[in-house]
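The values are calculated or read from the model by the stated rules, or taken from the named source; none is laboratory data. Computed from a predicted model, the values in this text were never measured in an experiment. We place every Cβ from the backbone using ideal geometry, glycine too, and count neighbours over all the protein chains shown. Calculation scope for accessible area: heavy atoms of the full protein, side chains included, ligands and nucleic acids excluded. Shrake-Rupley method; radii C 1.70, N 1.55, O 1.52, S 1.80 Å.
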Amino acid sequence: MKGVVISVLLMVAMVQFMAKPEVEATVTCSQVTSALAPCLAYLTTGAGAPPPLCCSGLGNLQKMAQSPSDKQVACNCAKDAAARVPNIKEDAAASLPAKCNIQVNFPISKNTNCQ
């Protein structure tokens, strides 16, 4: 009987380790806001090129948001941040990744569907 109990406990432990845990987002809105803060002047004027700190922040954000849940959190945070600044130029926001030569997996816009 003791051997059966140990076998069952061993099987339960093996199943626990084999099951993939649900991945939680590790990106925070604070990180997203900090990464995009240097872009504010460019996003509100749409003039010229984005500053180097803006592009490096966008690149860091891209590196941070790797999992689907991280991308969704980053997208929602960027969308919320954009909504708090009423004079953001949508065309400047849409062109930001291209002007920084960075491909992001979510658009920076007030109207983005982050689902």
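Numbers below:
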read-out: Residues (over 22 Å from Met64 (Cβ atoms) and free of Cβ contacts under 8 Å to residues at least 12 places away in the same chain) located in the range 76-106; value: Pro86
read-out: Lone unmet requirement of (1) over 15 Å from Leu36 (Cβ atoms); (2) outside any helix (DSSP H, G or I); (3) over 14 Å from the mean Cα position of the chain (by Cα); (4) not charged (D, E, K, R) for Ala98; value: (2)
read-out: Index of the failed condition, Gln62 passing every other in (1) within 13 Å of the chain's Cα centre (by Cα); (2) free of Cβ contacts under 8 Å to residues at least 12 places away in the same chain; value: (2)
read-out: Top-ranked residue of the range 29-68 - restricted to ones that are within 24 Å of Pro86 (Cβ to Cβ) and not in a helix (DSSP H, G or I), ranked as least open to solvent (accessible area, probe 1.4 Å); value: Pro50
read-out: Sole exception among (1) over 18 Å from Gln31 (Cα atoms); (2) part of a helix (DSSP H, G or I); (3) free of Cβ contacts under 8 Å to residues at least 12 places away in the same chain for Asn113, by number; value: (2)
read-out: Test: residue in the range 76-95 that is acidic (Asp, Glu), open to solvent by 60 Å² or more (accessible area, probe 1.4 Å) and closer than 19 Å to Ser34 by Cβ; value: yes
